[in-house]
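Working notes, beginning with the structure itself.
The values are calculated or read from the model by the stated rules, or taken from the named source; none is laboratory data. Fair warning: this is a prediction, and the values are worked out from it, not measured in the lab. Cβ placement follows ideal geometry from the backbone for every residue including glycine, while neighbour counts extend to all protein chains displayed.
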Amino acid sequence: MSDRIAVPWGPRTPYGPPADGAPPAWPIRVDVCLEEGLTEAGVDTWAQSASILHSNGDAMDIAVKDGRIAGVRGRAADRVNHGRLDPKDLYGWQAGRSDDRLTRPLVRKNGSLAESDWEEAMGRVVARSKELLDGPGGWGHFGFYTSGQLFLEEYYTLAVIGKAGIGTPHMDGNTRLCTATAAASLKASFGTDGQPGSYTDVDHCDAIALWGHNVAETQVVLWERMLDRRHGPRPPAMIAADPRDTPVAREADVHLPVRSGTNLALMNALIHRLIERGHIDRRYVDEHTIGFERLCRTVEQCPPERAARICDVPVSAIEAAAEILGTCERLFSTVLQGFYQSNQATAAACQVNNVHLLRGMLGRPGAGLCQMNGQPTAQNTRETGADGDLPGFRNWDNPSHIRELADVWNVDPAVIPHWAPPTHAMQIFRYAEQGSIKLLWISATNPAVSLPDLARIRRILAGEDLFVVVQDLFRTETAELADVVLPAAAWGEKLGTFTNADRTVHLSEQAVAPPGEARSDLDIFLDYARRMRFLDRDGKPLVTWHDPESAFEAWKACSAGRPCDYTGLTYDRLRGGSGIQWPCTPSSPGGTERLYTGGRFNTDPDYSETYGQDLGTGAEYGREHYAAQQPGGRAFLHAAPYEPAPEATGPEYPLLLTTGRTVYHFHTRTKPGRVPRLNDAAPGPWVELSPADADALGVAEGERVRVESPRGHLVAPARIGRIRQGVVFVPFHYGYWDLAEGAAPRAANEVTATGWDPVSKQPLYKVTAVRVTRTGG
């Protein structure tokens, strides 16, 4: 195997589009990484699984030797990766063997965390829970903040506990930081969540557009698939919109290095050109969409010449991109954080949907769209209701959906919070800051590094009146601020399912036992439900399942008849072979590769997940307004004019900071930071500057600089030459768990602002005004 640190994307296996009706032709390449001295023949057992360090869903087998995880290999038969693995997957399994794993519960005594046992730890959590439930305010004092890295069965159990056991609307996940805009834009355009496209669209397309998506570093194997098409016969054209000169930008035929915060202006200009030149499928638009006339009026105000001034992109580049979008026969688009974490996020993402609707580019091979996820199981949080949604993509404002869910859970509908939109993550922390949320349960995430304005977040978590429960593998920055820390099992140490960004469901078998007294997240939630004695309306236990498979069966019943229908799936069907895409029903046991193949969308008022929101203010519309548009299964062409970002540069803070990822790390580096090869490849953050900005500041390559905003500062070495002038990039992964006491702060979120998109409520990490100065180091 090639050195996947030096060459993250491995060797090329070029291929061309298959003949009509033929299966995809992407060649198999099985990647393997085993502990030193071990061969495949020497492995004791192999356990089936998939990637847990990104959202691509690459299938793999876990090698077990002498009762320990000893490596991984790709699954050749899987539809997602054909045997390939991301560098994080190849080496990331080593994190579970780290000697600083949590193996016993911790409780705070005399101001410090001390080892305890499960009885005392859970006793404290349950005692505080009952005290709050029995007191004034009850459910309103509870907040749950989860992850995009647990399993479906765990999320669903958490959703039932929170929404039917306690009855709190204050439940969200860190998926709010990475994928909320994906969900919001899909609901807004198509009626419900769910990616219309499939990764196999890469095999058939003749154009690929990547909108704020550095796929080369965030979903390596998907990028390999795109590269292999680009290196084969009849390669697709490629467009990349990104202010940085990323590997994707360098590969693209057209690079649009937009000024941060101006994505909507760019998209409006591209749509302006499509309409002006007649590069639309007018019959499809008339039969299957609503809102065309308003969209025309809106984009008319933003021709390419105006967008070029706003975005600081050459008119010729916008024209070239519009020509590709307007003349291709099969367009595949992906969208990620460059749009989702920026100004007017949902409005911009909806314009990508509009491009596909205007061109009739949905529901057929090669004509697809993925509003991507940033985390491996982000899709499951949204499906199961462990974030700010209701299970099964149900509408919180639809009384029949609430009654349906109440029947599934056998509870009174009044118990299920539905009197207002579910509370999003940023508001949950605001309530904790104000004192109304008094118990905050954080599972498998690290907000003391990942949320904006970290000084504020640390103050909230350290507050005396907030009881913080943290459930994780290690003593993270967040765990250090907790009142109770619960040791959890890692991937490979538990059984369950998870779903990737193109709706492929994989089963992950338990390969080894968790260390010490660590328990799976499902076991922890089930234990809490038993101790709290949550009951249904007949006085029987609310949570009726006892293990992963019975939890999966309960989820299937909840998903029945909804867009994410799992009723045709079983653990046995998911064992061996490939993952399967939902919806999967008894009548479609092989799953569903693409959605909306007949041009009918999930917008009927009785079925839709939303009644819509104003793209500018986020104001919720009601059923009457929604039904008056008579969607009748048609998609919405949403329109919005460009407006400048809320935080502007000026003399004091003249540069724009954008945060992001590196190929070697994931989220807050809790796992890959403990893997030698991954950590050595990117041991610390850096500040990326353009040559012009570096010259103006007198900064040399590798020199330590200080990045400062009104909220705080960080210090890191400078890198020069791969970003547009006026923009600064810092990877967000790095906290302080591995730093000496008193070291300079290095987390990107020391400087980012508490602000969010009005529709998706996703934080605006891409548009922070900062200044950069030399430190002399």
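Summary table
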| read-out | value |
| --- | --- |
| Single unsatisfied condition, P487 versus (1) within 21 Å of R97 (Cα to Cα); (2) in a helix (DSSP H, G or I) | (2) |
| Matching residues, region 401-428, being under 19 Å from T381 (Cα atoms) and either among the polar types (S, T, N, Q) or within 24 Å of the chain's Cα centre (by Cα) (or both) | P421, P422, T423, H424, A425, M426, Q427, I428 |
| Selection count, region 197-212, where residues are of a type in the set (G, A, S) and in a loop (DSSP other than H, G, I, E, B) | 3 |
| Neighbours by Cβ (under 7 Å, 6+ apart or cross-chain): first from region 512-540, more than 18 Å from A551 (Cβ to Cβ); second aromatic (F, W, Y) | E517/W118 |
| Subset of region 355-400 [under 20 Å from the mean Cα position of the chain (by Cα), among the basic types (K, R) and under 30 Å from D206 (Cα atoms)] | none |
| Residue in region 583-590 that is in a loop (DSSP other than H, G, I, E, B) and touching a Pro at 6+ places or on another chain (Cβ under 8 Å) present | yes |
| Region 557-566, subset assigned to a helix (DSSP H, G or I) and not hydroxyl-bearing (S, T, Y), residue surrounded by the fewest Cβ atoms within 10 Å (Cβ to Cβ) | A557 |
| Residue list for region 435-488, restricted to those being small (G, A, S) and either under 23 Å from the mean Cα position of the chain (by Cα) or assigned by TED's automatic domain parsing to the domain that holds D738 (or both) | S443, A444, A448, S450, A479, A488 |
| Breaking point among (1) of a type in the set (A, V, I, L, M); (2) farther than 21 Å from N446 by Cβ; (3) not in a helix (DSSP H, G or I), for A692 | (3) |
| Count of region 129-148 residues which are touching a strand residue (DSSP E or B) at 6+ places or on another chain (Cβ under 9 Å) and within 19 Å of L526 (Cβ to Cβ) | 6 |
| Region 708-746: number of residues that are touching a strand residue (DSSP E or B) at 6+ places or on another chain (Cβ under 9 Å) and part of a strand (DSSP E or B) | 16 |
| Qualifying position, being touching a residue at least 40 places away in the same chain (Cβ under 8 Å), touching a strand residue (DSSP E or B) at 6+ places or on another chain (Cβ under 9 Å) and in the same structural domain as M226 (by TED's automatic domain parsing), among I290, I271, I310 | I290 |
| Members of region 386-400 that are in a helix (DSSP H, G or I) and either modelled with pLDDT under 95 or of a type in the set (G, A, S) (or both) | S400 |
| Residues satisfying the stated conditions in region 458-484, i.e. of a type in the set (A, V, I, L, M, F, W, C), in contact (Cβ under 8 Å) with a residue 40 or more places away in the chain and in a helix (DSSP H, G or I) | A479 |
| Residue that is surrounded by the fewest Cβ atoms within 10 Å (Cβ to Cβ), among those in region 288-311 that are of a type in the set (K, R) and closer than 26 Å to G599 by Cβ | R297 |
| E224 being part of a helix (DSSP H, G or I), more than 25 Å from T658 (Cα to Cα) and touching a Leu at 6+ places or on another chain (Cβ under 8 Å) | no |
| Residue in region 73-82 that is among the small types (G, A, S), surrounded by fewer than 16 Cβ atoms within 10 Å (Cβ to Cβ) and in a strand (DSSP E or B) present | no |
| Listing of strands (runs of 3 or more DSSP E) fully contained in region 237-354 that carry 3 or more residues being of a type in the set (A, V, I, L, M) | 237-241 |
| Output for region 40-61, where each listed residue is in contact with a Gly (Cβ under 9 Å, 6 or more places away or on another chain) and crowded, with 24+ Cβ neighbours inside 10 Å | S49, A50, S51, I52, L53, H54, S55, G57, D58, A59, M60 |
| Region 175-196, subset part of a loop (DSSP other than H, G, I, E, B) and at pLDDT 95 or above, residue farthest from D58 (Cα to Cα) | G191 |
| Residue that is over 23 Å from A448 (Cβ atoms) and assigned to a loop (DSSP other than H, G, I, E, B), where the choices are V705, V699, V772 | V699 |
| Residue match in region 196-216 (condition: closer than 30 Å to P417 by Cβ and touching a helix residue (DSSP H, G or I) at 6+ places or on another chain (Cβ under 8 Å)) | yes |
| Residues that are over 27 Å from W409 (Cα atoms), surrounded by 13 or more Cβ atoms within 10 Å (Cβ to Cβ) and basic (K, R), drawn from region 572-599 | R594 |
| Out of L522, L569, L526, sole residue that is buried (at least 19 other Cβ atoms within 10 Å of the Cβ), under 30 Å from G191 (Cα atoms) and under 26 Å from the mean Cα position of the chain (by Cα) | L569 |
| Residues being of a type in the set (A, V, I, L, M) and free of Cβ contacts under 8 Å to residues at least 24 places away in the same chain - total across region 736-777 | 3 |
| From the options F339, F332, F393, residue that is at positive phi and hydrophobic (A, V, I, L, M, F, W, C) | F393 |
| Subset of region 401-456 that is part of a helix (DSSP H, G or I) and of a type in the set (F, W, Y) - its residue that is surrounded by the fewest Cβ atoms within 10 Å (Cβ to Cβ) | Y431 |
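Here's the yes/no breakdown for (1) farther than 24 Å from V254 by Cβ; (2) among the polar types (S, T, N, Q):
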residue: R306; (1), (2): no, no
residue: R330; (1), (2): no, no
residue: N343; (1), (2): no, yes
residue: H356; (1), (2): no, no
residue: M361; (1), (2): no, no
residue: G385; (1), (2): yes, no
residue: D389; (1), (2): yes, no
residue: G392; (1), (2): yes, no
residue: R403; (1), (2): yes, no
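Per-residue answers, yes or no, for (1) farther than 23 Å from T670 by Cβ; (2) polar (S, T, N, Q); (3) touching a Pro at 6+ places or on another chain (Cβ under 9 Å):
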site: L495; (1), (2), (3): no, no, yes
site: V505; (1), (2), (3): yes, no, no
site: E517; (1), (2), (3): no, no, yes
site: L522; (1), (2), (3): no, no, yes
site: R537; (1), (2), (3): yes, no, no
site: K540; (1), (2), (3): yes, no, no
site: P563; (1), (2), (3): yes, no, yes
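Here's the yes/no breakdown for (1) under 30 Å from I69 (Cβ atoms); (2) in contact (Cβ under 8 Å) with a residue 60 or more places away in the chain; (3) buried (at least 16 other Cβ atoms within 10 Å of the Cβ):
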| site | (1), (2), (3) |
| --- | --- |
| G618 | no, yes, yes |
| G632 | no, no, no |
| T659 | no, yes, yes |
| R674 | yes, yes, yes |
| R677 | yes, yes, yes |
| E688 | no, yes, yes |
